[in-house]
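Worksheet: the structure to be examined is printed underneath.
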Amino acid sequence: MCSHYQAVKERERYIRHFGVEPPADPGNLDVWPSYATSFIRRPKEADVGDEAVPEREALSGVFGLIPHWATDTKIGRQTFNARSETMAVKPSFRDAWKHAQHCIIPVEAIFEPDWRSGKAIATRVSSVNGDPLGIAGLWSAWKSPKGLLHSFTMLTINADGHALMCQFHKPVDEKRMVVILPPDSYDHWLRAKPQDSLDFMRPYPSDRLMAGTELPVQQTLLD
């Protein structure tokens, strides 16, 4: 699971990697559940064949999905991650999954607890090559008394066999990791139909990630 991450700060870096302008108000850069920040989706108008409509748009949203039927925003404190194995049936996520409301969450790094010392030590996980990471997610829109509020969740998969991500969380807990998308699959994910969505639920190669320092995975947690 991931409840804490670092958003992409630099505007030009955001545009260069994700191919879209960030929102005018990028929101929080140090992100926790219920914090506002940015996410990327495919505009609904992109399906009508208008070449003037871009393939991607970046919006402001809250980390922690708030389903359309919610009565307030408190549910978002528990819906920041969605298990790929159950998201199609869980009430909080099933509508967004059914309608393929796919999004990408731009991050510089995520933070996970390393319990190997007997206590949780927050560990920064980022890409080896220094590029931002695009995490697969689902988005929703909720009609609040003040207007439409967008929100999103990160999708997760089992990480028991992952060389890096199996190191995190308590020894008795199932190992989980967020779904990190290869950059060349960004548009494929945003366009994917519901029946094809599970094809993207794959672990990101451990040798493309590093934890704690600027050293490769094999020289940090695994030494």
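Only the coordinates and a few stated rules stand behind these numbers; no lab work does. Treat the numbers as computed from the prediction; the structure is a model and nothing was measured. Virtual Cβ from ideal backbone geometry, glycine too; neighbours counted across all protein chains shown.
Details
- Each Cα pair under 8 Å and six or more residues apart adds its separation to the average, and for the range 38-154 the resulting relative contact order is 30 percent.
- Once you reduce the range 131-185 and the range 34-108 to the center of their Cα atoms, the two points are 11 Å from each other.
- Longest to shortest principal axis, alpha-carbon extents of the range 83-175, angstrom: 46, 31, 24
- Label separation (Gln78 vs Lys9): 3.5 nm, computed from points 7 Å beyond Cα along the C-beta direction.
- Segment Glu174..Lys143, full-extension length gain: 7.7 nm, with 0.36 nm per residue of separation and the alpha-carbon distance subtracted.
- Across the range 5-219, the mean sequence separation of Cα contacts (distance under 8 Å, 6 or more residues apart), normalised by length, yields a relative contact order of 19 percent.
- In plain terms, the C-alpha convex hull of the chain casts an average shadow of 12.6 nm² when viewed from every direction.
- Listed peptides 184-196, 132-144 by packing density, highest first (mean Cβ within 10 Å): 132-144, 184-196
- Cα-based shape type of the range 130-177, given that a ≥ b ≥ c are square roots of the gyration tensor eigenvalues and the cut on a/c is 1.5: prolate
- Tally of Lys pairs whose C-alpha atoms are under 16 Å apart, taken over the range 5-219, 8 or more apart or cross-chain: 7
- Cβ crowding within 10 Å averaged over residues, with 61-73, 112-124, 79-91 ranked highest first: 61-73, 79-91, 112-124
- Working from Cα pairs under 8 Å separated by at least six residues, relative contact order for the range 131-183 is 38 percent.
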